[in-house]
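One structure is given below, encoded as structure tokens.
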Amino acid sequence: MPFANLPFANHKSLIVLALTYWLYFGQLGVLVPYLGIFLDGRGFSSAEIGELFAVITLARILGPGLWAGIADRTGNAVSVLRLGSFLTVATFCSVFLFEGFWGLTLSFGLMMMFWTAVLPQLEVITMKSVVGTKASYGLIRLWGSIGFICLTVGVGKALDSFSTETPVIVSVGVLLLLFVTTLFIQAPKASAEKHTATGSIWQYAKQRPFVVFIFASICLQISFGAYYGFFALYMRDLGYSGQQTGLFIALGVLVEVVIFLIASRLTARFGVWNLLFASLLLTALRWYALAAAADNMAVILLSQVIHALSFGLTHAVSVHFIHQFLPPAFHSRGQAIYISVAFGFGGAFGNYMAGQQWNQGANAYETFATAAVFSAIGAISLFFCKRKQLM
């Protein structure tokens, strides 16, 4: 990757973090869009695909809190990150040993349990590592989007020529490289001031701004169930090729790169509340556009541009909010609550609901329209919190 002319080129630790993001989100670019195609190739029905997505997503509820608690208490986020990466690739290899629903559910469930150890620690390490440098969180995180683009397009093209097993085969290689990369991550220098916080994280988590933020995030992730589970199958049913589907997905992530470059400036100017509201509302419009007019390529392209807000901007401002709202001693656990509750519970419910609605593609309109409703509910829920409380 061409790091030589970037603001953090002289910081080897930041380059390693950028590469880690590239591989982490590159793996998501391999598996998330194409897991449905892999399972369809194994003979699973749409209901079974939704159920499997839901079951393995539940691992994201328990995992983040467990790993973040260990990281916060030991102060060794790097070791937790490495252990999670190793166990992820080790358990994922069992996918090749199973064929049935429960066997694959076990494989993906274990993989997801250990996978949840990676991102919360990576976010905290990155936020601490950029302090005192010319780099920003967004500048490091955008490399995850680039990795997602590269591997999504590559695997989409490969699916036109190879079997539906391609996503899991590529995943093994990416996960192995991810583990190797984590071995080179350096722990950020400890602050001269030891961060301590009295009480429990729940005294902060139960406050209205945090509750509203989490509820809106849950609604957003519920709405993503249709997209994560069935977008690739939807495109295939509409006659688009695997390469075209990969390019559609890559476009959505490409515009994330721009968002991550300017996310900190947008947050400083408009605030978390305004950015979340705009993103959730436009996401609702995005899902309804896919429901009503996905046979029009221009509509798909526009909806994918909105992905920069649906995922990129909402994630960037969410990380910012948690980092500002919670004391430093609770940062890892705050990220864990966000990931486990929003992505875990919200994602599991969204995946299950989408799977029950999809009916082999016959109810595509209803599925994406329902997603639009949930995103709109998330936007409306923000009015239960004052703008100045979400900054």
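Descriptive notes on the structure:
- Selected from Thr164, Thr181, Thr133 as most flexible by GNM, with the chain as the system and alpha-carbon contacts under 10 Å: Thr133
- The stretch between Gln356 and Asp160 holds 67.8 nm of extra length on full extension. This uses 0.36 nm per residue minus the Cα-Cα distance.
- Gain upon complete extension [Arg387, Ser94; 0.36 nm per residue less C-alpha separation]: 100.8 nm
- Kirkwood Rh and Cα Rg combined as Rg over Rh, evaluated for the range 89-219: 1.04
- Simple rule: put +1 on each Lys or Arg Cβ and -1 on each Asp or Glu Cβ in the chain, find the dipole, and look at Phe162, His323, Met297; the Cα lying farthest toward the positive end is His323.
- The distance from the alpha carbon centre of the range 241-276 to that of the range 315-358 is 18 Å, rounded to a whole number.
- Here the relative contact order of the chain, from alpha carbon pairs under 8 Å that lie six or more residues apart, stands at 30 percent.
- GNM result for the chain, Cα springs below 10 Å: residue of Ala59, Ala187, Ala316 fluctuating most strongly: Ala187
- Estimated [θ] at 222 nm from DSSP helical runs (n ≥ 4, -39500 (n - 2.57)) normalised by residues in the chain, nearest 500: -23500 deg cm²/dmol
- Basic side chains Lys and Arg get +1 at the Cβ, acidic Asp and Glu get -1 at the Cβ, and with that the dipole of the chain about its Cα centre reaches some 1600 debye.
- Site pair Val373 and Thr133 shows an inter-label distance of 4.6 nm when each label is modelled 7 Å from Cα along Cα→Cβ.
- Selection among Gly346, Ile377, Val124 by position relative to the dipole of the chain gives Val124 as farthest towards the positive end (Cβ unit charges, Cα centre).
- Percent breakdown of C-alpha pair distances by 20 Å bin, ordered from the shortest bin, for the chain: 29, 62, 9
- Alpha-carbon centroid distance for the pair the range 18-48 / the range 88-119, whole angstrom: 12
- Listed peptides 218-228, 303-313 appear in the order 218-228, 303-313 once ranked by packing, highest mean of other Cβ atoms within 10 Å at the front.
- Spin-label zone in the range 81-105 - amide nitrogen under 18 Å from a point set 7 Å from the Cα of Ala187 along the C-beta vector: 81-85
- Amide H within-cut-off set for Asn363, under 5 Å, with H built and near neighbours excluded: none
- Placing unit charges on each Cβ (+1 for Lys and Arg, -1 for Asp and Glu) gives the chain a dipole about its Cα centre, and among Gly75, Thr314, Ser241 the Cα reaching farthest toward its positive end belongs to Gly75.
- Each residue of the range 200-213 was assigned a 3J(HN,Hα) from its phi angle through the Karplus expression (A = 6.51, B = -1.76, C = 1.60, θ = phi - 60°), giving 10, 4, 5, 5, 8, 5, 8, 6, 3, x, 5, 4, 5, 4 Hz with x at Gly and Pro.
- Average projection, convex hull of the Cα set of the range 1-151: 9.5 square nanometres.
Computed from the coordinates by the stated procedures, all read-outs in this text should not be read as laboratory data. These numbers come from a predicted model, not from an experiment. Note that we place each Cβ from the backbone using ideal geometry, even for glycine, and neighbour counts take in every protein chain shown.
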